[in-house]
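One structure below.
The values are calculated or read from the model by the stated rules, or taken from the named source; none is laboratory data. Owing to the predicted nature of the structure, the values given are computational and were not obtained by experimental measurement. Here Cβ is always computed from backbone atoms with ideal geometry, including for glycine, and neighbour counts include all displayed protein chains.
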Amino acid sequence: MYLVKTPKVVKHIFPTYYWDKPNDKRAIYLTFDDGPIPEVTPWVLDQLAAYDAKATFFCVGDNVRKYPQIFNRLKEEGHKTGNHTFNHLNGWNTPVNEYVENVDQCAELVDSDLFRPPYGKLLRKQSQHLSENYSVVMWDILSGDFDPTITKENCLKNVVNHAVPGSIIVFHDNIKSYDKLQYVLPRVLEYFAQKNYTFSALEFAKSKKAAPALMPA
């Protein structure tokens, strides 16, 4: 169970995480989690390049280790990178020290002050440690590309029916999501380009401090 659009009350309860980036420039923020991998990420980069779109890739450190050439390409093409742990760990199921060490291991390959927890799951103490060095980035919209129970058409509707200027939108450059992504991403780019939106990479002035937990410690 997940919410396509993050309710305002959730953003209010957890104000020290970044859920969106409101602006008056009609900019939205496409993000891609779990890559880079050769089966999907280069295709994503080609689609973005066709619209001169910039995005933010929250990378799994072990994939960066295995596919450094793809990681280098996305940086060279002007996209931002973020830390997504080294082994795609679930924070709720991982001891604090082990989790933070895994993030640090990813940071050896991914030089970024942006962090997104896999599954959006963090314990309070994990959050407190990470917020000292990172902007913890959540989302305004989950496309649902990972969800095998929805159609690709409904995945597209999740984005076009809910995105507004400043929305941070989650896609995944992984095998599980690729079938839906091939349908949805080109159409999202075309739809919002026709409405004079721009696609920007994420950047924040500084990390927010003392972030609360998405679950008690």
### Task
Determine which single condition F171 fails, assuming it passes every other condition in (1) assigned to a strand (DSSP E or B); (2) surrounded by fewer than 23 Cβ atoms within 10 Å (Cβ to Cβ).
(2)
### Query
Which condition breaks for V184 when tested against (1) within 17 Å of C59 (Cβ to Cβ); (2) in contact (Cβ under 8 Å) with a residue 40 or more places away in the chain; (3) assigned to a helix (DSSP H, G or I)?
(1)
### Message
Can you pull out every residue in region 134-156 that is in contact with a strand residue (DSSP E or B) (Cβ under 8 Å, 6 or more places away or on another chain) and either assigned to a loop (DSSP other than H, G, I, E, B) or of a type in the set (S, T, N, Q) (or both)?
### Response
Y134, S135, M138, W139, D140, S143, D145, F146
### Message
Condition check: in contact with a helix residue (DSSP H, G or I) (Cβ under 8 Å, 6 or more places away or on another chain) and either farther than 17 Å from L202 by Cβ or not aromatic (F, W, Y) (or both). Does G120 satisfy that?
### Response
no
### Task
Output the residue which, of all residues in region 183-199 that are more than 11 Å from C155 (Cα to Cα) and of a type in the set (S, T, Y), is surrounded by the fewest Cβ atoms within 10 Å (Cβ to Cβ).
Y191
### Residues (surrounded by fewer than 21 Cβ atoms within 10 Å (Cβ to Cβ), under 18 Å from the mean Cα position of the chain (by Cα) and closer than 22 Å to V64 by Cα) located in region 1-38
I37
### Message
Take the conditions surrounded by fewer than 18 Cβ atoms within 10 Å (Cβ to Cβ), out of contact with any strand residue (DSSP E or B) (no Cβ under 8 Å at 6 or more places or on another chain) and under 21 Å from F171 (Cα atoms) and apply them to R65. Does it pass?
### Response
no
### Query
Among the residues of region 103-112, is any under 22 Å from E39 (Cβ atoms), in contact (Cβ under 8 Å) with a residue 24 or more places away in the chain and assigned to a strand (DSSP E or B)?
no
### Query
Out of (1) surrounded by 15 or more Cβ atoms within 10 Å (Cβ to Cβ); (2) out of contact with any Asp or Glu (no Cβ under 8 Å at 6 or more places or on another chain), what's the single condition that is false for T149?
(1)
### Query
Across region 187-217, what is the number of residues that are over 17 Å from the mean Cα position of the chain (by Cα), modelled with pLDDT of 95 or more and part of a loop (DSSP other than H, G, I, E, B)?
3
